[in-house]
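In what follows, a structure is listed as structure tokens, so that the remarks can point back to it.
The values are calculated or read from the model by the stated rules, or taken from the named source; none is laboratory data. This is a predicted model, so every value here is computed, not measured. Using ideal geometry, Cβ is built from the backbone for each residue, glycine included, and neighbour counts are taken over all protein chains shown. SASA here: full protein model, heavy atoms, side chains in, ligands and nucleic acids out. Shrake-Rupley method; radii C 1.70, N 1.55, O 1.52, S 1.80 Å.
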Amino acid sequence: MKILKFGSASIATAEKIKNVAKIIAKGQNNNLIVLSSMRGTAEALTEISDYLYKKNQEGAIEIINKLEKQYYDLSASLFDSPEIKKQADEAVLSRFDYIRTFTKDLFTLFEERVIMAQGELICSELIWLYLKEKGLNIALIPALDFMRTDKNSVPDPVYIKDKLMALLEQAKDADIFITQGYICRNAYGEIDDLRKGGSDYTASLTGVAVGAEEVQIWADVDAMQNNDPRYVKGTKAIPHLNFDEAAELAYFGLKILHPSSVLPAKLANIPVRLKNIECPEAEGTLISNETEARAIKAVAAKDNITAVKIKSGKMLLAHGFLRRVAEVFENYQTSIDMLATSEIGVSLTIDDGRNLQLIIDDLKKYGTVSVDNDMVIISVIGDLESDDTSFSSNILNAVKGIPVRMISYGGSKYNFSFLVSRGDKEKTLQILNDKLFN
């Protein structure tokens, strides 16, 4: 069995749903499909909840009616059979009538989570009906019947496995199974969600529960580029990453899974494959525990970085100076990305500047503070063993004509990072792509 997860953007329109259906139909039997809500639905449900928190029932009902119409329009575009379309419309009516019941009473976090779950539930039901219309022998397995977290909001793998295997056994005559991502029940039986990782987390957890051959995460954009093709010419697909390399790339906002969402698959040694719905025949990018030794895999960039430098004679031979600097950032819940130290100063980077001025004011207690805005972190990702000097020399030789503000290497053997100004980003990426890959 393989797990195939399709995200919100992959099923955003009737046309995209039809493309996804073709991918599902071509797959081998006995696969389990995990679906997110359709793009825009979660945002609309959040807006509905916001109105209800503010006791503005009229505003909530307006958004409910608007979203309901979108689903009726989807049904009209999706179904050919009058009988199946009638079932779909009845499902839409039922879901939205249920949502309307929450406009009449007290609204709390519990009700919000129930409303938010309706996106995955209605989406999976409509796609299940569409696949049935196309002649597929498919069973709908409700995630709320097997996906559960414990009192610490951590998924309960024993419960998940026992309940899911029982549900699959009950539907054993089906060729394909479909369920919802993201949603679950908590230890008290209430509707809840998986927080960070969402539907990818569901795919990973279900993959472990059934002992899947592979977990496939399908996206509707080219997620396997070394970098943004708008900036870099001659990029190539990444055929393989290990989980640690993928974790490094996740920081850069590429279409790489969040490390926490695939941790169950990593621990169970189940490979995860990133696939592109626009190129379904392509192999995609395989993420596994195997490592291609001494190989550079990708170059990535993260924009909107702020570099902060604290220079102080007090730092010389002083105990606790770095701790006090770090505590300033901790107090304002701002994460530090790169860090470099010397005897008279500390340089570091952040990607969240909301409390920058407050941070600067506090840092002035410890030294002279200077700030560089609009910087970019460039990272070379791969198996970069420190005893192989060719990696560092090749990277630094490639960018010898680029003013480099900071360098970070050693925290992970999978990442060699340096800081450049925004104006040098495109040139740096193109040089590295040409020198390291071509």
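Could you check how much of the accessible area of region 296-437 is carbon and sulfur, as a whole percent, using a 1.4 Å probe?
Numbers: 3280 of 7030 Å².
Roughly 47 percent of what the probe reaches on region 296-437 is carbon or sulfur.
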Quiz item: Which angle between 0 and 90 degrees, to the nearest 10, do you get for helix 198-210 versus the longest principal axis of the chain when only C-alpha atoms count?
Solution: 70 degrees
Quiz item: With θ set to phi - 60° and the Karplus curve 6.51 cos²θ - 1.76 cosθ + 1.60, what are the ³J(HN,Hα) couplings of region 71-84 in order, to the nearest whole Hz, using x for Gly and Pro?
Solution: 6, 5, 5, 4, 4, 5, 7, 8, 9, 9, 6, x, 5, 5
Self-check item: For ILE138, net neighbour charge (Lys/Arg +1, Asp/Glu -1) across residues whose Cβ lies under 10 Å away
Solution: +1
Quiz item: Which residue, LEU419, LEU358, LEU164, has the most motion in a Gaussian network model of the chain that connects Cα atoms within less than 10 Å?
Solution: LEU358
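Specify whether the C-alpha gyration tensor of the chain places it in the rounded, prolate or oblate class, a ≥ b ≥ c being the square roots of the eigenvalues: rounded for a/c under 1.5, otherwise prolate if a/b is larger than b/c and oblate if not. Could you put the intermediate results ahead of the total?
Details: a/c = 2.13, a/b = 1.58, b/c = 1.35.
Since a/c reaches 1.5 and a/b is larger than b/c, the shape of the chain is classed as prolate.
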Quiz item: Could you give me the ³J(HN,Hα) list for region 183-189, computed from phi with Karplus coefficients 6.51, -1.76, 1.60 and θ = phi - 60°, whole Hz, x at Gly and Pro?
Solution: 7, 7, 10, 8, 5, 9, x
Quiz item: Which of ILE296, VAL114, ILE23 sits closest to the plus end of the dipole of the chain, meaning its Cα is farthest towards the positive end, when Lys and Arg get +1 and Asp and Glu get -1 on the C-beta?
Solution: ILE296
Quiz item: Under 12 Å from a point 7 Å along the Cα-to-Cβ line of LYS151: which residues of region 172-204 have their amide N that close?
Solution: 187-188
Practice problem: Note the angle between two axes, namely the Cα long axis of helix 425-437 and the longest principal axis of the Cα atoms of the chain, as a number of degrees from 0 to 90, rounded to the nearest 10. | Solution: 90 degrees
Quiz item: With every protein chain present, what is the per residue accessible area of the chain (1.4 Å probe, Å²)?
Solution: 47 Å²
Quiz prompt | Residue-averaged [θ]222 nm for the chain, counting only DSSP H segments that reach four residues, each worth -39500 (n - 2.57) | solution = -13000 deg cm²/dmol
Quiz item: Using a 1.4 angstrom probe with every protein chain in place, what is the largest-first accessible-area order of ILE344, ILE178?
Solution: ILE344, ILE178
Self-check item: Heavy atoms of HIS258 accessible to a 1.4 Å probe, total area in Å² rounded to 10
Solution: 80 Å²
Self-check item: Percentage relative contact order, the chain, counting C-alpha pairs under 8 Å, at least six apart
Solution: 13 percent
Quiz item: When the Karplus curve 6.51 cos²θ - 1.76 cosθ + 1.60 is applied with θ = phi - 60°, which whole-Hz ³J(HN,Hα) does each residue of region 364-374 get, with x for Gly and Pro?
Solution: 5, 5, 10, x, 7, 10, 10, 10, 10, 9, 6
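Return the percentage of antiparallel bridges among DSSP beta bridges fully within region 2-220, rounded to the nearest 5 %.
Details: 4 of 21 bridges.
Restricted to region 2-220, the bridges split so that about 20 percent are antiparallel.
Take the solvent-accessible surface of the protein heavy atoms, probe 1.4 Å, and return the percent of it on region 2-220 that carbon and sulfur atoms account for. Don't skip to the end; give the middle numbers.
On the way: 4820 of 9800 Å².
C and S fraction of accessible area: 49 percent.
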